[in-house]
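Since the structure comes first, as structure tokens, the remarks are kept for the end.
The values are calculated or read from the model by the stated rules, or taken from the named source; none is laboratory data. Just so we're clear, the structure is a prediction, and the values are computed from it rather than from any experiment. Here the Cβ positions follow ideal geometry from the backbone for every residue, glycine too, while neighbour counts run over all protein chains shown. Surface areas here come from the heavy atoms of the whole protein model, side chains and all, with no ligands, DNA or RNA. Shrake-Rupley method; radii C 1.70, N 1.55, O 1.52, S 1.80 Å.
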Amino acid sequence: MDTIEVIMHRRSIRKFREDDIPPEHLDQILHAAMQAPSAHNLQPWHFIVIKDRALLIAIAAFHPYAEMLPGAPAAIAVCGDRLMESSEGYLALDCAAATQNILISAAALNIGTVWLGIYPRNERMTQLARIIAAPEHLLPISLVAIGIPDDTKKPVDRYQEDRVYLNKYGLPFGK
Ligand SMILES: Cc1cc2nc3c(=O)[nH]c(=O)nc-3n(C[C@H](O)[C@H](O)[C@H](O)COP(=O)(O)O)c2cc1C
């Protein structure tokens, strides 16, 4: 599939096989993550690959929408480094771009993912930071459950013509 096809077909996967992700695929996904754009190109991110089942279970115990985690072979916590923040607010955006790269590159490799919301929920950030032993300056922004899919989902077309405008809000873009 080409890039556009991968983007149009990607869906959140919440059911995984037990098998580990091939290490070379995980490596490619982490390379793709760090290839993301970032404000001032500061690349203010750290990635914690969590494979310890006890930790995945501990995260699912506090996160309200992470019931798939104990059944996933791994998760990647994307953390922003406050010591490298270019200016207020960019850290989360940079990490979101890296997170999306994880989702898209994984989909291209037939690896399933689901983005689990962490930032801006303080309670989730604090709990995840404790579990992954993140120092104070590291802010957990997102968590991605990842593994070989044990589920197939049809692509959905979400294009909404009436959400695109030409030059000014309200003026139809048309075709
Ligand atoms: C910021 C953000 C937070 C999300 N948090 C969760 C979550 O906590 N648990 C979950 O199962 N899915 C979560 N999702 C996945 C969305 O539910 C999913 O992307 C959306 O329903 C669209 O479905 P699709 O990814 O299959 O296209 C999150 C997605 C984003 C972008």
The residue from A72, A60, A33, A97 that alone is surrounded by 12 or more Cβ atoms within 10 Å (Cβ to Cβ), closer than 19 Å to E123 by Cα, within 16 Å of the ligand (Cβ to nearest atom) and at pLDDT 95 or above is A60
By residue number, the members of segment 119-157 that are within 11 Å of the ligand (Cβ to nearest atom), more than 19 Å from G71 (Cα to Cα), of a type in the set (A, V, I, L, M) and buried (at least 16 other Cβ atoms within 10 Å of the Cβ) are I141
- Message: Taking the conditions exactly as written (surrounded by 11 or more Cβ atoms within 10 Å (Cβ to Cβ) and out of contact with any Lys or Arg (no Cβ under 6 Å at 6 or more places or on another chain)), does G174 satisfy them or not?
- Response: no
Filtering segment 46-57 for residues that are open to solvent by less than 30 Å² (accessible area, probe 1.4 Å) and away from the ligand (no atom under 16 Å from the Cβ) leaves a count of 0
Taking first residues from segment 104-130 that are charged (D, E, K, R) and second residues anywhere that are surrounded by fewer than 21 Cβ atoms within 10 Å (Cβ to Cβ) and outside any helix (DSSP H, G or I), the pairs with Cβ under 9 Å that are 6 or more apart or on different chains are R124/H63; R124/P64; R124/G117
Residue count, segment 1-27, condition within 15 Å of the ligand (Cβ to nearest atom) and not in a helix (DSSP H, G or I), comes to 7
Of the residues in segment 103-118, those that are more than 15 Å from G80 (Cα to Cα) and either β-branched (V, I, T) or open to solvent by 30 Å² or more (accessible area, probe 1.4 Å) (or both) come to I104, A108, L109, N110, I111, T113, V114, W115
